[in-house]
Amino acid sequence: MVRFKALDAWRGICALLVVLFHFCFVFRSPLMGAPIVTNAFLFVDFFFVLSGFVVCHAYRDRLGDAPSWRAFVVRRFGRLWPLHASMLALFIAFIAMVNLLPHPERFAFTLGPSEYSAIAIPIHLLLLNAVDLHGMAWNAPSWSIGAEFYTYLLFGAVCVLALRRLQHPTYAALGWGRRDIEDLLFLGVIGIIVGGRLGYALFYRPLEFLAEPLRIFAVWEGGLSFHGGFIGVFAAIGLWAWGSMQLNKLAKETKLMLVEPVTSEFGMAYQLTPAQPAEINSFRSLGLVPSWDRSKYEDRITGQRNDTPFEFFEAHLEEKRTTTDGKGRTRTTWVTVFRGQCLVVNFHKKFNGVTKVFRDKGMFNIFGKLAQMGKSEKVRLEDPVFEKAFEVYSTDQIE
C-alpha cells in the first residue's frame with residue numbers, strides 16, 4: 001500500500017493544533033488567543049478529508065461485495081472502537097473516584113441529562129455520540145470518532161451498491177464504470193456545497209448578499225441551506241448526465257473526424273464499432289482472455305507494415321452470472337472479465353510453440369502459474385529490466 005509521507009506531516013501538525021484548541025478551555029495565555037489556535041477546530045474537518053482520501057485510495061477497488069464490506073467494517077471497528085472504549089472507561093473510572101469524595105456539581109455522576117450521565121454511556125459505546133442524542137457528554141471530543149466510523153460504513157456500502165448497480169444489464173449496456181460513479185459522487189458533493197451556499201444567500205439573506213455579492217465566497221463565515229443543497233445535487237446529476245452524453249457524442253465525432261483520415265493517410269483502415277473479430281477466438285483458445293458471454297468492440301485498425309499485416313482493436317468482454325438467494329430468487333448480472341487492447345500480427349511464419357508474456361505479479365501471477373503447470377516452461381531472460389516487469393512462458397524455448 002502506498003504511504004503518503006507528506007500527509008503524515010500534516011496529520012501531526014493538525015493534531016497538535018486541535019490539542020491546543022481544546023486547551024483554550026482550560027488555560028489562558030497569549031498563545032491560546034491566537035486566531036490560528038482559536039479557530040483550530042477547522043482542522044477536525046481537515047482530518048475528515050484526509051482520512052476520507054486515504055481510505056478511499058486504499059479500499060475503493062477492494063470493496064465489491066458483502067464479504068469485502070463486512071471485512072472492511074470489522075477492520076475499521078477494530079481500529080477505532082478499542083481505543084475509544086478504553087478512553088471512555090478511564091473517564092468513567094475517574095468520575096466514579098471523584099464522586100466518592102466531595103466534588104463540584106458539574107462532576108456529578110447522574111442518571112438524567114448531564115455531562116456525566118449513565119444514559120450517555122451506551123450511546124458512546126455504540127459510537128452514536130456524533131448525532132446529538134445526549135449532547136457533549138463524557139469524552140466530548142470523541143464525537144469525531146463516531147462520525148468517522150459511520151461515514152466509513154456509508155462509504156463501503158456505496159462502493160458495494162454502486163458496483164452491483166454497474167453490473168445490472170441496463171447500466172452494463174451503457175458501458176458505465178467506476179470512474180463514472182466517482183465523477184457522479186464528486187459532482188454531487190460540489191452541488192451540495194455550491195447549491196447550499198447559493199440557497200443560503202437567496203433564501204435567508206438575499207439583501208445582505210445583494211449589497212455585498214463577493215460575500216458569497218466567504219465560506220469560512222458559514223452558511224449553507226438544506227434546500228439549496230438539495231436542488232444543487234439534482235442540478236449536478238442533470239449536468240453530469242447531459243455532459244456525459246455530449247462527451248460520448250464528441251468522442252465518437254472526434255474519432256471519425258481525426259482517426260479515420262489519419263489512418264487512411266497511412267494506408268490503414270479504421271472502424272469505430274466493428275463486428276466481432278475472428279482473432280478474438282484465438283485469444284480465448286490460447287488462454288490470453290477468459291471465456292465470455294457478451295462482447296463489444298471498438299476502434300479497430302487494420303493495415304500492414306513491410307508486408308506484415310496487423311490488426312488492433314479494443315475489446316470489452318463480459319460474463320453472465322446468475323446467483324440465487326436464500327429465498328430462491330435468482331439474480332442475473334454481467335461482470336466485466338476483460339477490457340483492453342488486442343494486437344494481432346501475422347509474421348508469415350509457422351510457429352510450433354506458444355509463447356505467453358505476462359506482467360510479473362510475483363506469487364499472485366495466477367496466469368503464469370497456470371501456464372507453468374501445463375506444458376509451458378518459464379523463459380529466463382537476458383534483460384534484467386524486462387524480466388523484472390514481465391514473466392515469459394513458452395512451450396518451445398529454442399524457437
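Which count do you get for residues in the stretch 119-160 that are touching a strand residue (DSSP E or B) at 6+ places or on another chain (Cβ under 8 Å) and among the charged types (D, E, K, R)? It would help to see each step written out before you state the result.
Pass one, the stretch 119-160, residues touching a strand residue (DSSP E or B) at 6+ places or on another chain (Cβ under 8 Å): 134, 137.
Then drop every residue that is not among the charged types (D, E, K, R), which leaves none.
The number of residues fulfilling the criteria is 0.
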Hey, any hits in the stretch 285-303 for a residue that's under 22 Å from Lys356 (Cβ atoms) and out of contact with any strand residue (DSSP E or B) (no Cβ under 9 Å at 6 or more places or on another chain)? yes
With the condition kept exactly as written, say whether any residue in the stretch 220-231 is part of a helix (DSSP H, G or I), under 25 Å from Ala162 (Cα atoms), of a type outside the set (Ser, Thr, Tyr) and touching a Gly at 6+ places or on another chain (Cβ under 6 Å). yes
When residues of the stretch 37-96 are limited to those that are under 16 Å from Thr151 (Cα atoms) and of a type in the set (Lys, Arg), the one surrounded by the most Cβ atoms within 10 Å (Cβ to Cβ): Arg76
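Answer with yes or no whether Ala120 is surrounded by 15 or more Cβ atoms within 10 Å (Cβ to Cβ), aliphatic (A, V, I, L, M) and farther than 30 Å from Leu185 by Cα. Full working, then the answer.
Details: surrounded by 15 or more Cβ atoms within 10 Å (Cβ to Cβ): yes; aliphatic (A, V, I, L, M): yes; farther than 30 Å from Leu185 by Cα: yes.
When the stated conditions are applied, Ala120 passes them.
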Suppose we filter Val73, Val44, Val37, Val49 for residues that are over 20 Å from Arg178 (Cα atoms), touching a Cys at 6+ places or on another chain (Cβ under 7 Å) and not assigned by TED's automatic domain parsing to the domain that holds Leu185; which single one remains? Val37
Inspect all residues belonging to the stretch 244-258 and state whether any of them is among the polar types (S, T, N, Q), farther than 30 Å from Ala40 by Cβ and either touching a strand residue (DSSP E or B) at 6+ places or on another chain (Cβ under 8 Å) or exposed (fewer than 12 other Cβ atoms within 10 Å of the Cβ) (or both). yes
State the number of residues belonging to the stretch 259-275 that are touching a strand residue (DSSP E or B) at 6+ places or on another chain (Cβ under 6 Å), surrounded by 11 or more Cβ atoms within 10 Å (Cβ to Cβ) and of a type in the set (S, T, N, Q). 2
Would you confirm whether any residue within the stretch 181-193 is out of contact with any helix residue (DSSP H, G or I) (no Cβ under 8 Å at 6 or more places or on another chain) and either polar (S, T, N, Q) or modelled with pLDDT under 80 (or both)? yes
Pairs with Cβ under 6 Å, 6+ apart, first in the stretch 255-272 and on the phi < 0 side of the Ramachandran plot, second of a type outside the set (A, V, I, L, M, F, W, C) and assigned to a strand (DSSP E or B): Val259/Tyr270; Glu260/Tyr270; Thr263/Tyr270; Met268/Gly303; Ala269/Thr302; Gln271/Arg300
Sort through Leu198, Leu184 and tell me the only one that's part of a helix (DSSP H, G or I) and more than 30 Å from Gly64 (Cα to Cα). Leu198
Give me the helices (runs of 4 or more DSSP H) completely within the stretch 107-173, filtered to those with at least 1 residues that are at pLDDT 85 or above, within 21 Å of His22 (Cα to Cα) and among the acidic types (Asp, Glu), ordered by residue number. 143-167
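The values are calculated or read from the model by the stated rules, or taken from the named source; none is laboratory data. Quick caveat: nothing in here was measured; it's all calculated off a predicted structure. For neighbour counting, all protein chains shown are included, and Cβ atoms are generated from backbone atoms with ideal geometry for every residue, glycine included.
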